[in-house]
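Novice: Just passing along the structure, written as structure tokens.
The values are calculated or read from the model by the stated rules, or taken from the named source; none is laboratory data. Small disclaimer: the values here were computed from a predicted structure and weren't measured. In this analysis, Cβ positions are derived from the backbone assuming ideal geometry, glycine residues included, and neighbour counts consider all displayed protein chains.
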Amino acid sequence: MPTTLITGASRGIGLELCRQYAADGWTVHACCRRPDEAAELRRLSAGGRVVLHELDVTDGRQIDAVAASLDGAPIDLLVNNAGVYGKPDGGFGAIDDRVWLYTLKVNTLAPLHVSEALAGNVAKSERRIIAVMTSRMGSIDDNTSGGSYIYRSSKAAVNMVVRSMAVDLAKRGITAVVLHPGWVRTDMGGASAPLPVEQSVSGLREVLARLRPEDSGRFFAWDGAEIPW
């Protein structure tokens with residue numbers, strides 16, 4: 001059966017991705033900052049399909065340690081899901097640079113560094129897919145409401161990272177895409193979000209299952225629609 005590695009796996013979309021892939025018989029490498037405190041993820045791991053890894057995606061040493069623990073084992077699907085919204089910014093004229101830089105570190109730099117560390121594992125697999133969780137809020141074309149400078153910029157930046165990865169990794173047979181999960185009812189999305197996490201993840205999995213090499217570098221929503229940059 002195929003193998004996936006998922007960051008930000010302790011809750012929300014990441015946890016549901018782990019649950020659904022494990023239920024379908026995949027081997028799941030579930031990464032989160034504090035696995036000892038991730039009660040639901042630990043329950044999933046008791047079934048034997050889910051392997052827990054401690055990983056703060058902003059810590060290069062921990063990224064290297066996870067890569068070393070896998071020892072070159074194939075990873076069919078790498079999902080860079082870990083992300084933050086960051087403290088809501090104050091809008092134009094009231095931006096906290098420290099929050100902005102931390103958000104960029106988590107949402108933009110971390111997916112690149114995790115992908116760099118594990119690209120060799122992905123290249124050894126049958127499916128060879130790297131996916132990064134982004135947001136429609138990172139679409140420049142779609143921004144008609146302004147605001148959210150910090151979050152929007154971090155997602156627009158990771159979109160460009162993945163476009164470049166798609167070009168650079170093509171010679172290794174790797175398909176790289178960005179995914180918009182929708183406004184999902186999670187801790188980040190809030191209770192008023194219209195989309196249940198189970199529906200979002202099921203849709204995302206359908207998109208991932210249909211990917212072909214010619215899709216590399218594209219921006220897809222959870223329902224399969226392509227989003228303009």
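Novice: Does T4 satisfy the condition of being buried (at least 17 other Cβ atoms within 10 Å of the Cβ) and either over 29 Å from W183 (Cβ atoms) or among the hydroxyl-bearing types (S, T, Y) (or both)?
Specialist: yes
Novice: Limited to the stretch 112-157, what total is found for residues that are among the small types (G, A, S), over 18 Å from the mean Cα position of the chain (by Cα) and farther than 23 Å from A68 by Cβ?
Specialist: 4
Condition check ((1) in contact with an Asp or Glu (Cβ under 7 Å, 6 or more places away or on another chain); (2) in a helix (DSSP H, G or I); (3) aromatic (F, W, Y); (4) touching a residue at least 12 places away in the same chain (Cβ under 8 Å)) across all residues:
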site	(1), (2), (3), (4)
S153	no, yes, no, yes
A157	no, yes, no, yes
V177	yes, no, no, yes
G190	no, no, no, no
V201	yes, yes, no, yes
F220	yes, no, yes, yes
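Novice: Additional query: Across the stretch 195-222, what is the total count of residues that are closer than 15 Å to R136 by Cα and in contact with a Phe, Trp or Tyr (Cβ under 7 Å, 6 or more places away or on another chain)?
Specialist: 4
Residue-by-condition table, conditions (1) over 27 Å from D97 (Cα atoms); (2) buried (at least 19 other Cβ atoms within 10 Å of the Cβ):
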residue	(1), (2)
S154	no, yes
R185	yes, yes
G190	no, no
L204	yes, yes
E214	yes, no
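Novice: Also, I was wondering about something else. Check every one of the strands (runs of 3 or more DSSP E) wholly within the stretch 31-137 and list those with 3 or more residues that are modelled with pLDDT of 95 or more, crowded, with 22+ Cβ neighbours inside 10 Å and among the hydrophobic types (A, V, I, L, M, F, W, C). Lay out the reasoning, then the answer.
Specialist: Working: elements: 50-54, 77-80, 129-133.
Filter on the stretch 31-137 gives 77-80, 129-133.
Novice: Among the numbered conditions (1) in a loop (DSSP other than H, G, I, E, B); (2) touching a residue at least 40 places away in the same chain (Cβ under 8 Å); (3) out of contact with any strand residue (DSSP E or B) (no Cβ under 8 Å at 6 or more places or on another chain), tell me where T144 comes up short.
Specialist: (2)
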